[in-house]
Amino acid sequence: MQDSGVELLLGDFSGNEEVSMSEKSSNSKLQERQPNQPILYGGTTIGTRRIGGTIVRNCTLGFAVMKKKGRAPFNQGYLIAGSCSSARLSGADEAFVKDGNGNEVIVGTRVRSGGYVPDQGLDYNVVKVRINY
(Lines give C-alpha, C1' and ligand atoms only; values in the text may rest on other atoms or scores of the structure.)
Protein backbone atom coordinates (compact mmCIF):
# COMPACT_ATOMS: atom_id res chain seq x y z
CA MET A 1 0.00 0.00 0.00
CA GLN A 2 3.01 2.25 0.30
CA ASP A 3 3.06 2.99 -3.45
CA SER A 4 -0.56 4.20 -3.36
CA GLY A 5 0.17 6.59 -0.46
CA VAL A 6 -2.48 4.99 1.75
CA GLU A 7 -1.66 4.34 5.42
CA LEU A 8 -3.49 2.13 7.92
CA LEU A 9 -5.32 4.16 10.54
CA LEU A 10 -5.49 2.73 14.06
CA GLY A 11 -7.34 4.10 17.06
CA ASP A 12 -9.74 7.04 17.18
CA PHE A 13 -11.64 7.16 13.89
CA SER A 14 -13.47 10.40 14.66
CA GLY A 15 -10.75 12.32 12.82
CA ASN A 16 -9.78 14.25 15.96
CA GLU A 17 -6.46 12.58 16.71
CA GLU A 18 -4.43 9.45 16.19
CA VAL A 19 -4.13 7.00 19.07
CA SER A 20 -1.33 4.48 19.05
CA MET A 21 -2.15 0.85 19.76
CA SER A 22 -0.33 1.07 23.12
CA GLU A 23 -2.53 3.93 24.40
CA LYS A 24 -5.65 2.94 26.30
CA SER A 25 -7.74 6.06 25.78
CA SER A 26 -8.22 9.16 23.68
CA ASN A 27 -8.73 12.78 24.71
CA SER A 28 -11.19 13.29 21.84
CA LYS A 29 -14.53 14.89 22.50
CA LEU A 30 -16.90 12.74 20.47
CA GLN A 31 -20.13 14.28 19.24
CA GLU A 32 -23.44 12.49 19.61
CA ARG A 33 -24.78 11.11 16.31
CA GLN A 34 -28.16 11.97 14.90
CA PRO A 35 -30.83 9.24 15.20
CA ASN A 36 -30.72 6.66 12.38
CA GLN A 37 -27.34 7.95 11.14
CA PRO A 38 -25.25 4.97 10.00
CA ILE A 39 -22.09 4.11 11.92
CA LEU A 40 -19.18 2.82 9.83
CA TYR A 41 -16.47 0.40 10.96
CA GLY A 42 -14.44 -2.44 9.48
CA GLY A 43 -16.87 -5.23 8.63
CA THR A 44 -19.81 -2.95 7.80
CA THR A 45 -21.71 -4.17 4.74
CA ILE A 46 -21.86 -1.51 2.03
CA GLY A 47 -23.08 -1.29 -1.53
CA THR A 48 -21.01 0.22 -4.34
CA ARG A 49 -22.02 1.27 -7.84
CA ARG A 50 -20.83 3.58 -10.57
CA ILE A 51 -22.25 7.05 -9.94
CA GLY A 52 -25.54 7.16 -11.84
CA GLY A 53 -25.41 3.38 -12.39
CA THR A 54 -27.80 0.63 -11.37
CA ILE A 55 -25.57 -2.44 -10.86
CA VAL A 56 -24.81 -2.78 -7.14
CA ARG A 57 -21.95 -4.79 -5.64
CA ASN A 58 -22.27 -5.68 -1.95
CA CYS A 59 -19.01 -5.67 0.01
CA THR A 60 -17.64 -5.18 3.49
CA LEU A 61 -15.37 -2.41 4.67
CA GLY A 62 -11.85 -3.50 5.59
CA PHE A 63 -9.18 -1.67 7.58
CA ALA A 64 -9.48 2.07 8.17
CA VAL A 65 -6.91 4.06 6.15
CA MET A 66 -5.82 7.64 5.47
CA LYS A 67 -3.74 9.36 2.81
CA LYS A 68 -1.71 12.29 4.16
CA LYS A 69 0.40 13.17 1.10
CA GLY A 70 0.23 13.21 -2.66
CA ARG A 71 -2.70 13.87 -4.93
CA ALA A 72 -6.15 14.01 -3.26
CA PRO A 73 -5.23 13.35 0.40
CA PHE A 74 -7.98 12.31 2.84
CA ASN A 75 -8.26 11.67 6.59
CA GLN A 76 -10.66 8.75 6.71
CA GLY A 77 -11.35 5.87 4.37
CA TYR A 78 -11.58 2.09 4.28
CA LEU A 79 -10.02 -0.64 2.18
CA ILE A 80 -12.40 -2.69 0.05
CA ALA A 81 -11.77 -5.62 -2.28
CA GLY A 82 -10.88 -4.63 -5.84
CA SER A 83 -13.83 -6.67 -7.10
CA CYS A 84 -16.19 -4.30 -5.25
CA SER A 85 -15.45 -1.54 -7.76
CA SER A 86 -17.09 -1.04 -11.12
CA ALA A 87 -13.61 -0.60 -12.66
CA ARG A 88 -10.03 -1.17 -11.48
CA LEU A 89 -8.79 2.43 -11.54
CA SER A 90 -10.99 4.61 -13.74
CA GLY A 91 -14.49 5.90 -13.21
CA ALA A 92 -16.19 6.93 -10.01
CA ASP A 93 -18.16 4.76 -7.60
CA GLU A 94 -20.36 5.80 -4.72
CA ALA A 95 -20.55 3.78 -1.52
CA PHE A 96 -23.78 3.55 0.43
CA VAL A 97 -25.43 1.82 3.37
CA LYS A 98 -29.10 1.35 4.20
CA ASP A 99 -30.50 3.27 7.16
CA GLY A 100 -33.05 1.93 9.66
CA ASN A 101 -35.85 2.67 7.20
CA GLY A 102 -34.20 0.85 4.28
CA ASN A 103 -33.20 4.06 2.47
CA GLU A 104 -29.81 4.31 0.78
CA VAL A 105 -27.41 6.76 2.45
CA ILE A 106 -24.32 7.75 0.44
CA VAL A 107 -21.37 7.55 2.86
CA GLY A 108 -18.41 7.94 0.51
CA THR A 109 -16.79 7.47 -2.88
CA ARG A 110 -14.10 5.19 -4.26
CA VAL A 111 -10.81 6.97 -4.80
CA ARG A 112 -8.03 6.13 -7.24
CA SER A 113 -5.63 4.94 -4.53
CA GLY A 114 -6.18 1.25 -5.01
CA GLY A 115 -3.72 -1.40 -5.91
CA TYR A 116 -3.61 -4.38 -8.24
CA VAL A 117 -0.47 -6.50 -7.97
CA PRO A 118 -1.48 -10.06 -8.88
CA ASP A 119 2.01 -11.47 -8.21
CA GLN A 120 1.65 -10.40 -4.57
CA GLY A 121 -2.04 -11.27 -4.28
CA LEU A 122 -3.10 -7.63 -3.91
CA ASP A 123 -6.36 -6.36 -5.38
CA TYR A 124 -7.89 -3.55 -3.35
CA ASN A 125 -9.48 -0.14 -3.61
CA VAL A 126 -10.22 2.61 -1.11
CA VAL A 127 -13.53 4.18 -0.15
CA LYS A 128 -13.05 7.78 0.99
CA VAL A 129 -15.63 8.43 3.70
CA ARG A 130 -17.62 11.66 3.83
CA ILE A 131 -16.79 13.92 6.77
CA ASN A 132 -20.03 13.31 8.69
CA TYR A 133 -19.40 9.55 8.93
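Tabulated data
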item: Options ILE55, ILE131; residue that is in a loop (DSSP other than H, G, I, E, B) and either in contact (Cβ under 8 Å) with a residue 60 or more places away in the chain or of a type in the set (Ser, Thr, Tyr) (or both); result: ILE131
item: Candidate set: region 35-53, residues that are of a type in the set (A, V, I, L, M) and surrounded by 14 or more Cβ atoms within 10 Å (Cβ to Cβ); chosen: the one modelled with the lowest pLDDT; result: LEU40
item: Residue in region 60-75 that is farther than 17 Å from VAL6 by Cα, assigned to a strand (DSSP E or B) and polar (S, T, N, Q) present; result: yes
item: Region 54-70 - residue that is surrounded by fewer than 19 Cβ atoms within 10 Å (Cβ to Cβ) and of a type in the set (Val, Ile, Thr) and, of those, nearest to VAL127 (Cα to Cα); result: THR60
item: In region 98-133, the residues that are among the small types (Gly, Ala, Ser), modelled with pLDDT of 85 or more and surrounded by 15 or more Cβ atoms within 10 Å (Cβ to Cβ); result: GLY108
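The values are calculated or read from the model by the stated rules, or taken from the named source; none is laboratory data. These numbers were taken from a predicted model, which means no experiment stands behind them. Quick reminder, even Gly has a Cβ in these numbers, built from the backbone with ideal geometry, and neighbours come from all protein chains shown.
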